[in-house]
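Undergrad: Quick one: this structure, given as structure tokens, is what I'll be asking you about.
Each value in this text was obtained by applying a stated rule to the coordinates, not by laboratory testing. Quick caveat, the model's predicted, so the values are computed rather than measured. Quick reminder, even Gly has a Cβ in these numbers, built from the backbone with ideal geometry, and neighbours come from all protein chains shown.
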Amino acid sequence: MHTVRGYFLLFLLFLSVSGVAHVNSPDVYYDGYAGPYHLLVTLRPPTVVPGVAQIQVRALSDDVNGINVLPLRMIGPGAKMAPLPDTAKRSADDPHLFTGSLWIMARGSWKVQIEAAGQKGPGQMDVPLPAISLSSQPLQRSLGILLAVLGLALAAGLIGIIVAASRDAGLKAGEAPAPAQARRGRFGLAIAATIVIGAFVFGNQWWGKEASANARLNYKVPQLRPTLLASGQLRLALDNPNEAEPTRFRSEQPDRIRLDDLLPDHGHLMHLFIVRLPDMQAFWHLHPAQAQPGDDFTQILPAMPAGQYRLYADIVHHTGFPETQVATMDLPAIHGGPLTSDDSGSSDFTPADKVAQLSGGYRMVWQKDNLPIKASQPYWFRFRIEDKDGKAAADLEPYMGMAGHAVFLSTDGSIFAHVHPAGSVAMAAVTLAENGSANAGMETMHHAPASAEVSFPYGFPKPGEYRIFVQVKRGGKIETGEFNAKAE
Ligand SMILES: [Cu+2]
């Protein structure tokens, strides 16, 4: 019965994985163009790999007739050996909405190829999808009991058949077994019981091994190890708790994910966000540097008040697989140095419900309606930058190659997402997905802001209170607005 239960558990385990560009915010939101067609894509990775990812594509124009979707490995031979694409189903109620499901067969870095067909001809785009197993799903108790009973019945049947065959096979109908035949029956019973018990023991051990191998593959959020040096420098040692992508279950010691393979993501190997707990009114976005691949990162801290801080460090591996490493640390007051290059932040933010004050009398206004925000739904979070008279800011410029950067953070710090106008994916992964090379330029990114408004496609993973930090660059200065948000 353990064998049967084992098979079933194995099957259920196969059914349970998820994405991890961020912390506890696995869904991918992506705003992009498949040729001439503007699409908003929501990808829900499975919570266990292999598993089924759900995809939802919203066409933003009326001229899209059909959507095909195809999951591919981000790099390696699998990136080219394409199976046939699946056709996404068009919603009967909403002709702009297409949905489908995709089998994700292994953990690691994937992309979903989206082909749009319409009045302007075909168009294609690729959306990165990191896939990880988050948990092993336990067997339901009632199902376990049912399978145990069925397994016992099978075992009893097997023993019964062997006993009857060895004792009664030579008998005529109605004839009682002679003592010799009864002895053969007892012998058969011993053999049958040994076989059944042996099968149970073997099956249980086999299963236990597979289950622990599988549990080992569950993704663990890496814990950054920060140290404050006497010089006021922060030293960050990366953590590496996860194994590299296996091709199949292996019992030998597998490789760890490499840490010397990082790709620059919008110009930096690491984006470090530091937020003061629990008020979240101090926030910095810094870019620690590394002397050599594989080394620790270092950062000269800006002036910071003493307090407890939460650290989120975004990195991207050579496969396009993004990770956020986290830490919580108590810091004394730091005199610090000035913020340089792309670094930004301050310790005196006040979260606004709608209008955040910027420098020089400028304001950042959240263009929201009064409808409640629902969890797990895609939204555009739009923010307009205006001067003190309400006139649209005319001097916005790209900040690290994009119109804006946003951080969505739950007020307990457990959910974190670093989002851009193109969505919640790592931009280095987008470049890799579209060009097959991480160095192929940034032409796909949303460059200069087209207007005084920045928008971010995102959905809160679960109900609760959140903060949104929105960063833009205006007149050579990086500005941050902090907002309160609530998901229902
Ligand atoms: Cu960014």
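Undergrad: Expected output is a single nm value to one decimal: the length gained when fully extending between Lys391 and Val52, i.e. 0.36 nm times separation in residues minus the C-alpha distance. What is it?
TA: Net length gain for the segment: 117.3 nm.
Undergrad: Decide, for the stretch 1-219, between rounded, prolate and oblate: order the square roots of the alpha carbon gyration tensor eigenvalues as a ≥ b ≥ c, take rounded if a/c falls under 1.5, and otherwise choose prolate if a/b is larger than b/c, else oblate.
TA: Judged from the Cα gyration tensor, the stretch 1-219 comes out prolate (a/c at least 1.5, a/b above b/c).
Undergrad: Given R₀ = 51 Å, what would the calculated FRET efficiency be for Gln140 paired with Lys368, taking r from the Cβ atoms and rounding to 0.05?
TA: 0.80
Undergrad: Given Ala282, Gly475, Leu396, which one lies farthest toward the positive end of the charge dipole of the chain, if we put +1 on the Cβ of every Lys and Arg and -1 on the Cβ of every Asp and Glu?
TA: Of the options given, the answer is Ala282.
Undergrad: Here is a further query. For the residues Ile334, Ile75, what sequence is obtained by ranking on other C-beta atoms within 10 Å, fewest first?
TA: Ile334, Ile75
Undergrad: Could I ask something else about it? About its Cα centre, how strong a charge dipole does the chain have in debye, to the nearest 20, once Lys and Arg get +1 and Asp and Glu get -1 at the Cβ?
TA: Dipole magnitude for the chain comes out near 2080 debye.
Undergrad: Arrange the following residues from fewest to most other Cβ atoms within 10 Å of their Cβ: Leu146, Leu339.
TA: In increasing order of surrounding Cβ atoms, one gets Leu146, Leu339.
Undergrad: Here is a further query. Going through the cross-link list Lys391/Lys477; Lys120/Lys391; Lys391/Lys473, which pairs have a Cα-Cα distance over 25 Å in this structure?
TA: With Cα atoms farther than 25 Å apart: Lys120/Lys391.
Undergrad: If you take every residue apart from Ser359 with its C-beta less than 13 Å away from the C-beta of Ser359, what net charge results, scoring Lys and Arg +1 and Asp and Glu -1?
TA: Result for the local shell: +1.
Undergrad: Per residue, how much space in cubic angstrom lies within the convex hull of the C-alpha atoms of the chain?
TA: Hull volume normalised by residue count: 204 Å³.
Undergrad: Pulled fully out, how much extra length does the chain show between Ala92 and Thr350, if you take 0.36 nm times their separation in residues and subtract their Cα-Cα distance?
TA: 88.4 nm
Undergrad: Mind checking the dipole of the stretch 225-487: about its Cα centre, +1 per Lys or Arg Cβ, -1 per Asp or Glu Cβ, Debye to the nearest 20?
TA: Charge dipole of the stretch 225-487: 640 debye, to the nearest 20.
Undergrad: I'd like the distance separating the alpha-carbon centroids of the stretch 57-71 and the stretch 361-399, in whole Å.
TA: Their Cα centres are 27 Å away from one another.
Undergrad: Give me the lysines in straight-line cross-link reach of Lys374: C-alpha distance below 23 Å, same-chain residues under 8 apart excluded.
TA: Lys354, Lys462, Lys486
Undergrad: Output the relative contact order of the chain, whole-number percent, from Cα pairs under 8 angstrom with separation of 6+ residues.
TA: 15
Undergrad: Mind checking the full-extension length gain between Ala156 and Ser212? Use 0.36 nm per residue of separation minus the Cα-Cα distance, one decimal, nm.
TA: 17.2 nm
Undergrad: Lys368: which aspartates and glutamates have alpha carbons under 18 Å from its alpha carbon, excluding same-chain residues fewer than 8 sequence positions away?
TA: Within the straight-line cut-off, Lys368 pairs with Asp353, Glu386, Glu453, Glu465, Glu482, Glu488.
Undergrad: In what order do Val163, Val425 fall by count of nearby beta-carbon atoms within 10 Å, going from fewest to most?
TA: Ranked by crowding around the Cβ, least crowded first: Val163, Val425.
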